[in-house]
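Take a look at the structure set out below.
Just so it is clear, none of the values below were taken in a lab; they were calculated from the coordinates. Nothing here was measured: the structure is a model prediction, and the numbers come from that model. When we count neighbours, we look across all protein chains shown, and the Cβ atoms used for this are built from the backbone with ideal geometry, even at glycine.
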Amino acid sequence: MNYSWIDKIKKQKIKHKKSLIVLLDPDKLDEASTIAMAKAADYHAIEAFFVGGSLMSSNRFEQTVSLLKAHSKLPIIIFPGNYLQISAQADALLLLSLLSGRNPEFLIGQHVVAAPYLKRSGLEIIPTAYLLIDCGTPTSVSYMSQTQPIPYEKNDIAVATAVAGEMMGMQLAYLEGGSGAIRAVPDDMIRAVSQAIDIPLIVGGGIRDIKQLEQVFKAGADIAVVGTSLEKKPDLLSDLSKITNTFNR
Ligand code: 1GP
C-alpha cells in the first residue's frame, strides 16, 4: 500500500496529536544551513519539512529538496508559491487554493497549468484551503497573489471560508499570517476555525517563540509551521520541539 501523508495527519488529529513543521525557503538558506537543519530535525519532534516560497530568485529549489532527501528521513512536502515549484523527489505537494482571495489565478489558474506535471510526478497531491490573514503587515503572499487578506478580527469570515473549503473537499485548512508576520494568527480565530471544521488545521506565520507556539496549539491548531525564526535562530528548534512534545504526552 502506498504511503499517504494526509492519511497519517488525519489519524494523528483523531488522537489529538500536535505537529511541528519546519518551513525552508530555498532562497534564504545555503547548502550548509539546509544540511544542518535536515540533520537537526531528525533528532527532534518534527513532523515534516515544507519547502517553498512566494518568490524564488535562486535556482536552489530542486537542490534543497535533494539535500533534505539525502540528509533526513522526514517527509518533504512542497508548499508552492507558484507552479514552478514542483519536484518529483518530494513526497507530497499542498495544492493551495487561496480561498481568502478573489484572484482566479490562485484559485484555479495555476492549478490548470500545473496539473499535467503533477499528474506525471507521482507526488501525493493534497488539496488545501489556504486562507491569508491580515497580521499587521503587507505580506509577500498578498502582494504576489494580488489579493486582500481576511481582516485580523473577522473570525466569522475565516470560519465561513474554511468551512467552504472543507465542503469543496479540501483535505487541510491553512491559516497563514504570512512569513515574518509581526503577530501570529489570533487565538480566537484559530479556536473558531478549529471548532468549525473536521479537517486538520495548519497555522503559520509570525510564530517566533515557545509561548506563541503553545498558544497556537492550545487554540486548536493541529500543525504549526515555523520558518523565519528558525532561519535566524536554528537552535530554537530544540525548544519548539520540546513544547510540541508536551502536548503529545
Ligand atoms: C508558513 O509563512 C509561514 O505558514 C512561515 O512564517 O516565516 O513567519 O515562520 P514564518
(request) Can you work out the PRE-style zone for SER66? Point 7 Å along Cα to Cβ, and I want the residues of segment 90-107 with backbone N under 20 Å. (result) 90-92
(request) Consider a paramagnetic label point 7 Å from the Cα of LYS232 along Cα→Cβ; state which residues of segment 175-213 have an amide N under 12 Å from it. (result) 180-183, 206-209
(request) Please report, in debye to the nearest 20, how large the charge dipole of segment 5-243 is about its Cα centre when each Lys and Arg carries +1 at its beta carbon and each Asp and Glu carries -1 there. (result) 460 debye
(request) Have a look at GLY227, GLY109, GLY205 and tell me which one the Gaussian network model of the chain (Cα, springs below 10 Å) gives the largest fluctuation. (result) GLY109
(request) Please say if segment 1-110 is rounded, prolate or oblate, where rounded means a/c under 1.5 for a ≥ b ≥ c the square roots of the C-alpha gyration tensor eigenvalues, and otherwise the choice is prolate for a/b larger than b/c and oblate otherwise? (result) oblate
(request) Please list, or write none, the lysines whose alpha carbon is within less than 27 Å of the alpha carbon of LYS15, excluding same-chain residues fewer than 8 places away. (result) LYS73, LYS211, LYS218, LYS242
(message) Under a crude label model (7 Å from the Cα following the beta-carbon direction), how far is ASP30 from ASN2 in nanometres?
(response) 3.9 nm
(request) Compute the normalised compactness of segment 173-226: alpha-carbon radius of gyration over 2.2 N^0.38 Å, N being the residue count. (result) 0.98
(message) Taking 0.36 nm per residue of sequence separation and subtracting the Cα-Cα distance, how much length would be gained by fully extending the chain between VAL113 and ARG191, in nm to one decimal?
(response) 24.6 nm
(message) For TYR43, project a label point 7 Å along Cα to C-beta. Then give me every residue of segment 226-242 with its amide nitrogen under 16 Å of that point.
(response) 234-242
(message) Please compute the alpha carbon radius of gyration of the chain, then divide it by the globular-protein estimate 2.2 N^0.38 Å. Two decimals is fine.
(response) 0.92
(request) Give the long-range amide H neighbours of ILE150: residues separated by 5 or more places, or on another chain, with amide H under 5 Å away, using H modelled in the peptide plane at 1.01 Å from N. (result) LEU132, ILE133, ASP134
